[in-house]
Amino acid sequence: MKGYKVVRRLNGELVSCNMNFCDNATLRLKYKFGKVTIAPKGTLGIFVFLDIQHARNFITNRGNRSWVIYEAELLTKPVPRKEVLKSSKFVNFAQYLQDVIKEYQQAWKTRYTEDIAYTAPFGTYTVRKIRLLKKVY
């Protein structure tokens, strides 16, 4: 199945786009073109979009020029996510980053009024494994 992964270009590498994860954090994944990337155990998975427009909206709303979109082969079944930050270990993470969470809430509430506190960006899914195929945006 095909999907879209937003990644960050950082020092010549493709990494998870969340800038709040420190460089060596378990949740900051490194991606290599054509190689399989597997989500760490105990996490919700790798965040992806099934619709390229949702991925574009995510980048546009954040205004980050170091983020790019890759078409990806989704190697496991995508799981729709709406309230990802209320799940699993993200509760403590969300409490720690209240200022960032409030910023995300405001950005998404103004664009998608049905979203509630601690929501994932509109159109978010997670998968356990992906392979980046080609840069599309």
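Put simply, of Gly3, Gly34, Gly42 the only residue that is over 20 Å from Lys134 (Cα atoms) and either modelled with pLDDT of 85 or more or exposed (fewer than 15 other Cβ atoms within 10 Å of the Cβ) (or both) is Gly42. Of the residues making up region 6-31, those that are under 12 Å from the mean Cα position of the chain (by Cα) and modelled with pLDDT of 85 or more are Val6, Val7, Arg8, Val15, Ser16, Leu29. Is it the case that Val136 is modelled with pLDDT of 80 or more, exposed (fewer than 15 other Cβ atoms within 10 Å of the Cβ) and touching a helix residue (DSSP H, G or I) at 6+ places or on another chain (Cβ under 8 Å)? So Val136 fits the description; yes.
Taking every residue in region 1-27 that is closer than 17 Å to Leu44 by Cα and among the hydroxyl-bearing types (Ser, Thr, Tyr) and pairing it with any residue that is at pLDDT below 70 and surrounded by fewer than 20 Cβ atoms within 10 Å (Cβ to Cβ), at least 6 positions away or on another chain, the pairs with Cβ-Cβ distances below 7 Å are Ser16/Leu27.
The values are calculated or read from the model by the stated rules, or taken from the named source; none is laboratory data. Computed from a predicted model, the values in this text were never measured in an experiment. Neighbour counts are summed over all protein chains in view; Cβ atoms, including those assigned to glycine, are modelled from backbone coordinates with ideal geometry.
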